[in-house]
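The structure under discussion appears below in the form of structure tokens.
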Amino acid sequence: MTTRIVQTHPDKGTREFELVDDMVNYKMSGPLGDEELSVVLSALSSEPVKDGSMLYFVSGINHEPLIKLFADLPDTESFTAFVNTLQQRIVEEDFGRLAAENRDSSITKEQVENTITMLETYLDKNSIDDLISSLRKLAEAPNDREQLNHVVDTFHDLGVQQGPVLTYAPFFNTLLSSTDLDDFS
């Protein structure tokens, strides 16, 4: 398991990445100066984006690049091992992600319709139209786990709109994993 990698680019300087607990520590030294950054793994999408000679791990919320790696440096084998470890750790840290299997109790049509009403009352319907549509389908079949999974997937595609949805629709909080405070001790 590769938890540290140092990359040196002839023009852009050196970048060092180290996985420590639930974060990536990131140090850059280059012609424009030095910078240090720590990124919490649960904030990252586990699927990187390749762009030419760069590989980015982006924010799971706004899809902005947070971790920027030079592809295949220092060598392909070390790079691949580090990226695979990073992906695995991101998935392991994703305890706060909504998922249908996190919901233990049954769902009623009234709950879903109340959620739709709350969202339509307090949010711009056009910005969450796909979510409203998938919720309406869930209201027709509240026990359909496949449809609930579709609602969750639609929620994850909202980007920055996720926050307001969680604020005005408590239904979505029931799809968060239940983590006891004892789990953190």
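Below is a table of values for the structure above.
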| item | result |
| --- | --- |
| Cβ-derived FRET efficiency at R0 30 Å, Leu158 paired with Asp21, nearest 0.05 | 0.55 |
| Accessible solvent surface per residue of region 130-171, calculated while the other protein chains remain in place, 1.4 angstrom probe, Å² | 50 |
| Pairwise label distance in nanometres, Thr76 with Thr14, each label 7 Å out on the Cα-Cβ vector | 2.6 |
| Pairs of Lys in the chain closer than 19 Å at Cα, counting only those 8 or more apart or on different chains | 7 |
| Solvent-accessible area of Tyr122 with every protein chain in place, 1.4 Å probe, in Å² to the nearest 10 | 120 |
| Per residue, in Å², the accessible surface of region 1-116 once ligands and nucleic acids are set aside, probe 1.4 Å | 57 |
| Difference of contour (0.36 nm per residue) and Cα-Cα distance, Gln88 to Ser38 | 16.2 nm |
| Structure-derived Cα extents along the principal axes in Å - corresponding label in (1) 93, 40, 36; (2) 60, 38, 25; (3) 52, 40, 23 | (2) |
| Charge-dipole axis of the chain as Lys and Arg at +1 and Asp and Glu at -1 on Cβ define it, positive-most pick from Pro31, Ser106, Leu86 | Pro31 |
| Solvent accessible area, Å² - Ser45, 1.4 Å probe, full protein context | 40 |
| The chain: angle of helix 109-122 to the longest principal axis, Cα-based, in degrees nearest 10 | 70 |
| Dipole magnitude of the chain, debye to nearest 20 (Cβ charges: Lys/Arg +1, Asp/Glu -1, about Cα centre) | 280 |
| Rough spin-label spacing in nm, given labels placed 7 Å along Cα→Cβ, for Ser53 and Asn114 | 5.8 |
| Fraction of accessible area attributable to carbon and sulfur, the chain (%, probe 1.4 Å) | 47 |
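The values are calculated or read from the model by the stated rules, or taken from the named source; none is laboratory data. This is a predicted model, so every value here is computed, not measured. Heads up, the Cβs are rebuilt from the backbone with ideal geometry, glycines too, and the neighbour counts pull from every protein chain shown. Please note that ligands, DNA and RNA were not included when accessible areas were found on the heavy atoms of the full protein model with its side chains. Shrake-Rupley method; radii C 1.70, N 1.55, O 1.52, S 1.80 Å.
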